[in-house]
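Student: Mind having a look at this structure? Questions to follow.
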Amino acid sequence: MPGRRAEAEIAIIGGTGFEEIIEGAEEVRIGTPYGLPPRLVVGEVSDRRVAVLARHGPGHELPPHRVNYRANIWALKALGVKRILATNAVGAINPDMRPGDIVVPHDIIDFTRSRAQTFYEGPDVVHVDVSEPFCPELRRVLLEAARMRYDRVHDGGVLACTEGPRFETPAEIRALRVLGADLVGMTVAPEAFLARELEICYASLCFVSNMAAGMQERLTATEVLEVAARLRDIMRSIIVDAIPRIPRERKCPCSRALQGARLKA
């Protein structure tokens, strides 16, 4: 178990670079029953203890379908984390959302296939409620901070998560549009659901890197990186502004997610 100095109450999950906002940073490695997650960087932001986890590894060597989501979330819980601010690159299905926009989504459609989806594989049978898959308190904080820094911010959106690592086909995007998806990405699931199973609040700050398949001529990973680089400072600033706004006391349903969720034999 981590020592006192390694404790954190808030975590940032995203790409590399967020370590730079941490004061007094130290690297921490935490073993879990699910394997070893990437190194964590722990320190302070605005007098709050914060951990940063690079979802894809320090060199972005893990494709989305190979990320060890269970190890990542378990390690953050072991640190004492109660809130997670995630960043996600997404494609836009809703034509009102354009590359360079920032979105704080409110719902998820999960189309992943091979990823471990739960911590509860028996003998405990647990069904957590995800009527609000993103924490309403954290969503509000992210929206407030984003609108202070940027003028292209959308409140709400349905984020579809696909398996990857390939991009979706135009037919798949048409199907997702019929199902009500506004955005498509590869990393929010099962991350958000695993956080809920451990009663950790979770919300996502998304940036639109491209229009989805069939809505522009072709898709490349290069354009994703270019938009990420252009918005990097804005995304960091939003997260830095959001952290001191997070209430010390949790009053959201996420903190009580396991109440009534277990089936008794």
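The values are calculated or read from the model by the stated rules, or taken from the named source; none is laboratory data. The structure presented is a predicted model; accordingly, all values stated were derived computationally and were not measured. Methodologically, a virtual Cβ is constructed for each residue, glycine included, from the backbone with ideal geometry; neighbour enumeration extends over all protein chains shown. Remember, those area values only see protein heavy atoms, side chains included, never the ligands or the DNA or RNA. Shrake-Rupley method; radii C 1.70, N 1.55, O 1.52, S 1.80 Å.
Student: Report the extension gain between V125 and I234 in nm, rounded to one decimal, defined as 0.36 nm multiplied by the number of residues separating them, less their alpha carbon distance. Numbers along the way, then the final one.
Tutor: Numbers: separation 109, 0.36 × 109 = 39.24 nm, distance 4.18 nm.
Taking 0.36 nm per residue and subtracting the Cα distance, the gain is 35.1 nm.
Student: Using a simple charge model, +1 on the beta-carbon of Lys and Arg, -1 on the beta-carbon of Asp and Glu, nothing else, what dipole does segment 6-73 show about its Cα centre, in debye to the nearest 20? Please report the intermediate quantities before stating the final value.
Tutor: On the way: 7 positive and 10 negative charges, 97 e Å.
Magnitude of the dipole: close to 460 debye.
Student: A follow-up question, please. Can you tell me the dipole magnitude for the chain around its Cα centre, using point charges on the Cβ only (Lys, Arg +1; Asp, Glu -1), in Debye to the nearest 20?
Tutor: Values: 35 positive and 35 negative charges, 98 e Å.
Here the size comes out at about 480 debye.
Student: In Å², what does the accessible area per residue of the chain work out to with a 1.4 Å probe? All intermediate terms of the calculation are to be shown ahead of the outcome.
Tutor: Values: 12120 Å² over 265 residues.
Dividing the accessible area of the chain by its residue count gives 46 Å².
Student: How large is the helix-only mean residue ellipticity at 222 nm for the chain, computed as the sum of -39500 (n - 2.57) over DSSP H runs with n ≥ 4, divided by its residue count, in deg cm²/dmol to the nearest 500? Please report the intermediate quantities before stating the final value.
Tutor: Working: 5 runs with 63 residues, N = 265.
Counting only the DSSP helices, I get -7500 deg cm²/dmol.
Student: So which chymotrypsin sites (Phe, Trp or Tyr not before Pro) in segment 166-230 end up in coil per DSSP with only 14 or fewer other C-beta atoms within 10 Å? List each step's numbers first, then the result.
Tutor: On the way: sites: F167, F193, Y202, F207; in loops: F167.
Listed in order of number, the matching sites amount to none.
Student: If you bin the C-alpha pair distances of segment 108-265 every 5 Å from 0, what whole percents do you get?
Tutor: Bin by bin from 0 Å, the calculated values are 1, 8, 15, 17, 19, 17, 12, 7, 3, 1, 0.
Student: A further question on this structure: In the neighborhood of R113, defined by Cβ-to-Cβ distances under 14 Å, what is the net charge if each Lys or Arg adds +1 and each Asp or Glu adds -1? It would help to have the intermediate numbers written out before the result.
Tutor: Details: positive: R66, R115, R166; negative: D110, E163, E168, E172.
Here the charged neighbours net out to -1.
Student: Can I ask one more? Would you kindly give the portion of the calculated P(r) for segment 206-265 that falls above 16 Å, as a percent of all Cα pairs?
Tutor: Numbers: 1192 of 1770 pairs.
Cα-Cα pairs in segment 206-265 separated by more than 16 Å: 67 percent.
Student: Based on the alpha-carbon gyration tensor of segment 49-146, what equivalent-ellipsoid semi-axes (square roots of 5 times the eigenvalues) come out, in whole Å, largest first?
Tutor: 24, 18, 17
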